[in-house]
Amino acid sequence: MADHKKGFLVVSDLHLGEGRDPDTGWINPREDFLFDDDFADFLEFHTSSEEWSGTDWTLIIAGDFVDFLQVIEIPPDLPELDGEENYGLKAGPLESAWKIRRIMDGHPQLFKALAEFSLNHRIVVISGNHDAEFIFPQVRDTVTQHLKELAETSFQSSCVPPSFLPWFYYDGRIYVEHGNQYDSANAFPTMLDPVIPNSESGAGNSGGQIFLTLGSIFVRYLFNRVETSSPFADNIKPETRFIGWFIRNHPIRALAYLFTDGIRMLKKIKESWKLSRLCIKRKGLHPESIDSTGSRNPPGEAGRSIPAMQDLIAGLEEIQARPLLSRAGPTVTGFMHILLGPGRVIFLMGAILLINLAAIILFLSPVWTLMLPAKISTDPFLLSIISWNRNSQIPLLILSGQAAACCIAWMIALKNRRKYSCSRVCRQKASEIDNLLRPEYIIMGHCHETDLLKFPSGCQYINTGTWTKIFSRESSATREEKEFIFTRITDSDDGLAMDLMKWEARGGTGRRANLIDG
């Protein structure tokens, strides 16, 4: 392969879940990835077609390859695994290893295709916010062993073990990461070690628990519950649009949720907020460093110097966002500090509920007093309350003031929604990474929206979107049921050449992705 042309295939956000039940054939209602055959065709085309068979490929999966959060089954025969009824196993090493086996069993064809690809080519898996559990050696070893067994059983050959990177891939010219570190709702204190210090899992098993970001809590305690009856609920982007959709389409269920799963979710938010004090940024290299993949070029190759790893990580940590569930920080985080502090959530919710209930009762007093018996409705104390209410108009002021505040907040949100959208933030952060590293290409995922931008330096930023279904009103790419966006970079004597492509399923060759400027 030394004489072969080098190439990179970059995809992201596959979100593999429990897939298809091997016994019943039914697809799990929380499954987002339904395109195993198409992904297998995609890999086969690039390894077997006349045009590309001579290429030494590196497949880079840029985060959220699998979705540990949406595997909620609890095995009854493994009491050593720790979990919560209706919400699934926790995010410890043994629990996550069981989940990844469950995911691989639900997607046999896709993992067989990966095993075949790895016979002669490399696979690099970068962690995202939905699969930070790859930080555990037990999870990485489970995947590696499964691909090895598939290669030996199906192809009677050994495979190249996949590489797992906790944050980013960088070889001097190409920089790839998931992008969740620039989204405060999904950012970990550090991607290099997203485990809660001194935590345990499963009957005292050491290894720790993954820190739950605000977005992860929403998935575990809100989206998973809704998807039981409304598949693809979590594919409505942005999340704020999902909340509106949920209230409009399921008003009774939304109200019931607030007093059941919603209370548990608020408790978990408060718990993660308290744990954030322990999950401070940890300076220095994690054992699973970028060097472990052998992907780095020597400093100076292609005219680009690679900074020392410590300096590189320090620079990236300055760029990343502060997690929303953090106990110190700017104004937004200060507000969360007040809102999510111990006991404050229940107090605020109860106070708001009681104030509104009292205002509504007083406001409607002329109506409900007519339905009371004459003896009660003529009570002097009751009549004085009604008279005071009519004269003061305080209930009307309370209700109208809250309505006005909601309208103002809604208008502000609409005005700033696009400015602070995930796509805009990732563009801004990619520009800062360009200033820090000066690579030729910066590739991210996370936003589920395809994007392409060229910076004044000549560096190109690419967002590979997602291979799952997506329902969104705002996007720079023309939407279809299936996106299948991937980035293809080839390396030759003339340098790197990049194409942002859309895979044409069923024996297709791929075509340029259609992006609309604006």
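The values are calculated or read from the model by the stated rules, or taken from the named source; none is laboratory data. A quick note: this is a predicted structure, and the numbers were derived from the prediction, not measured. With ideal geometry, Cβ positions are generated from the backbone for all residues, glycine too; neighbour counts draw on all protein chains shown. Note: areas computed on protein heavy atoms with side chains; ligands, DNA, RNA excluded. Shrake-Rupley method; radii C 1.70, N 1.55, O 1.52, S 1.80 Å.
Ordering Ser272, Ser154, Ser48 from largest to smallest accessible area (1.4 angstrom probe), what's the sequence?
On the way: Ser272 10, Ser154 45, Ser48 75 Å².
Reading off the accessible areas and sorting them downward yields Ser48, Ser154, Ser272.
What whole-number distance in Å separates the alpha-carbon centres of segment 422-445 and segment 1-46?
Taking the Cα centre of segment 1-46 as reference, the centre of segment 422-445 is 26 Å away.
What does the net charge come to around Leu114 if you take all other residues with beta carbon closer than 12 Å to its beta carbon, with K and R at +1 and D and E at -1? Before the final figure, lay out the partial values.
Values: positive: Lys112, Arg122, Lys148; negative: Asp36, Glu44, Glu116.
It works out to a net charge of 0.
Using all C-alpha to C-alpha distances in segment 1-158, build P(r) with 5 Å bins and read off the rounded percent in each one.
Pair shares across the bins are 2, 9, 17, 21, 20, 14, 9, 4, 2, 1, 0.
Over 24 Å between Cα atoms, which of Lys90/Lys268; Lys6/Lys429; Lys5/Lys502; Lys6/Lys99; Lys274/Lys429; Lys267/Lys429 qualify?
Numbers: Lys90/Lys268 12 Å; Lys6/Lys429 28 Å; Lys5/Lys502 22 Å; Lys6/Lys99 34 Å; Lys274/Lys429 28 Å; Lys267/Lys429 32 Å.
Going by Cα-Cα distance, Lys6/Lys429; Lys6/Lys99; Lys274/Lys429; Lys267/Lys429 fall outside the 24 Å limit.
For segment 43-100, state the semi-axes of the equivalent ellipsoid (square roots of 5 times the eigenvalues of the alpha-carbon gyration tensor), sorted largest first and rounded to whole angstrom. Please report the intermediate quantities before stating the final value.
Numbers: eigenvalues 293, 22, 19 Å².
Over the Cα atoms of segment 43-100, the semi-axes work out to 38, 11, 10 Å.
Using a 1.4 Å probe, how large is the accessible area of Arg424, given in Å² and rounded to the nearest 10?
100
What order, most packed first, do the peptides 81-90, 183-192 have when packing is the mean number of other Cβ atoms within 10 Å of each residue? Can you show the working numbers first?
Values: 81-90: 17.5, 183-192: 23.3.
Most protected by this proxy first, the peptides run 183-192, 81-90.
Provide the solvent-accessible area of Asp105, counting protein heavy atoms only and rolling a 1.4 Å probe, rounded to the nearest 10 Å².
Spelled out: Asp105, probe radius 1.4 Å, area about 90 Å².
Could you put Arg438, Arg30 in order of accessible surface area, largest first, with the 1.4 Å probe and the full protein assembly present?
Numbers: Arg438 110, Arg30 25 Å².
In descending accessible area the options line up as Arg438, Arg30.
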